[in-house]
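Beneath this line is the structure, given in structure tokens, with notes to follow.
The values are calculated or read from the model by the stated rules, or taken from the named source; none is laboratory data. Keep in mind the model is a prediction, meaning the values are calculated, not measured. Please note: Cβ atoms are built from the backbone with ideal geometry, for glycine as well, and neighbour counts cover all protein chains shown. For accessibility, only protein heavy atoms count, side chains too; no ligands or nucleic acids. Shrake-Rupley method; radii C 1.70, N 1.55, O 1.52, S 1.80 Å.
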Amino acid sequence: MNTFLVKPKVIFGNQSLDYLCDLQVKKAFIVTDQMMVKLGTADKIISRLSGAEYKVFSEVEPNPSLETVKAGFSSFLEEKPDLLIALGGGSPIDTAKAILSFFDKAAQKFDGKMEFARPTFVAIPTTSGTGSEVTSYSVITDTARHIKIPMSDDCMYPDVAILDEQLTKTVPPSVTADTGMDVLTHALEAYVSPNAVEFTDIYAERAIKIIFTYLLRAYRFGEDLDARGKLHVASCMAGVAFTNASLGINHSLAHAVGAKFHLSHGKSNAILLPYVIQFNGGLCDGTVDTSKVAKRYTEIAKMLGFASSTLEEGVLSLATAVKYLNKRMGIPSTLKECNIDEQLFEENVPVIAEEACHDICTTGNPKSVSKEDFKNLLKWAYEG
């Protein structure tokens, strides 16, 4: 038996922020970062709350820490809001989700006898990448141990996601590139997942096609709202796909590599993706297997119009296309090009491989992976 959950309600398109004007709110708790405050984006949200009381928690940093979540949760409990708003990229949204998870677990511990009810949760992404606004996933960093902690809980689904492309037009080209490649990784991993079904395929395929059509355009012309809007929708679609299917080892490795060497999540995924495609597709030893994974990658290559007369050609052409897209947007083709010291990298390979083995995303990979496989993949992605 399979299941497919479509949640939350999605409000999208230009001026979709006006949805907030109709909400009956007494007090809002807004989770965001300092940049959203400085740019005045938080004020755009506050102005639509019809005079409701509000508290802005703007301490969220990139790769939000467990300490930040705890601080946010403490403030959240003090405020007792009836509306929780996450505003920003994946970091504020993941932080708000973790805060809500803490609240739900506390409610369970005390048999639901909390001082206030679970608030309505609205997620408003300002980047087109994580898809966090429609998923039950959150990633928090344990700074003491230098590891990322992927969380998954249905209680973290937002009630409403607002996709307003106007909020993304000032995103810098480098961030557009990183987040866009994160979307592509989400969609590709969902498509080859052993848990993929027809419903997830529809969302994954469309997201992949949009990325290859519009990402470079948005990277070059940041104020192109048509391209921005398409990427925003693609990010959401990929989120629906992977939260119902799964992610795989591309994310397992990106979590560990990003935490260890302070690389952005999107860039880590982008660099690793061509190597993971070839590994999962069976090209590591110079020959391709006839597994379902290779066939799935070839289906995508064929859909995009790339060479795909054989499975080997399909897998290789898709991996090459990803490398080319990275290059056009200034994303390094290897981890070595990120100025990671070779000796430091070699010392950390066993640690990163171990962390990837235990990452929640590894269980969703379409091909079984050993610790040695992870080590070899890391060395391959370092040297190219």
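Observations on the model:
- The length gained on full extension between Thr363 and Thr213, counted as 0.36 nm times the residue separation minus their Cα-Cα distance, comes to 50.9 nm.
- With R₀ set to 45 Å, the beta-carbon distance separating Gln343 from Ser50 gives a calculated FRET efficiency near 0.15.
- Most mobile of Glu189, Glu313, Glu342 in a GNM of the chain (Cα contacts under 10 Å): Glu342
- For the chain, the antiparallel share of DSSP beta bridges with both residues in that region comes to about 20%.
- Between region 209-239 and region 255-323, the alpha-carbon center distance in angstrom: 21 Å
- Region 92-115-region 333-384 distance, computed between alpha-carbon centres (Å): 34 Å
- Only Lys, Arg, Asp and Glu carry charge here, each on its Cβ (+1 for the first two, -1 for the last two); on that basis region 118-168 has a dipole of about 260 debye about its Cα centre.
- Computed over the chain, the per-residue total of -39500 (n - 2.57) for DSSP H runs of n ≥ 4 gives a 222 nm mean residue ellipticity of -17000 deg cm²/dmol, rounded to 500.
- Full extension of the chain between Met114 and Glu354 gives 82.5 nm of extra length, using 0.36 nm per residue less the Cα-Cα distance.
- Extension reserve of the Ala107-Lys379 stretch, reckoned as 0.36 nm per residue once the Cα distance is removed: 93.4 nm
- For the pair Asp154 and Val197, a Förster radius of 25 Å applied to the C-beta separation gives a FRET efficiency near 0.85, rounded to the nearest 0.05.
- Taken along the Cα-to-beta-carbon direction at a fixed 7 Å, the label points for Asn2 and Lys169 span 4.0 nm.
- Amide H within-cut-off set for Leu39, under 5 Å, with H built and near neighbours excluded: none
- Average accessible surface area per residue within the chain, 1.4 Å rolling probe, Å²: 42 Å²
- Solvent accessible area, Å² - Val276, 1.4 Å probe, full protein context: 0 Å²
- Carbon + sulfur, % of accessible area of region 186-341 - ligands and nucleic acids excluded, 1.4 Å: 52 percent
- In the chain, Rg over Rh equals 0.97, where Rg is the alpha-carbon radius of gyration and Rh the Kirkwood radius from pairwise Cα distances.
- The region of the chain that goes longest without hitting one of the chymotrypsin sites (Phe, Trp or Tyr not before Pro) in a DSSP loop, each with at most 16 other Cβ atoms within 10 Å, is 222-384.
- Simple spin-label estimate for Ala71 and Ala307 gives 5.3 nm between the two label positions (7 Å along the Cα-to-Cβ direction from each Cα).
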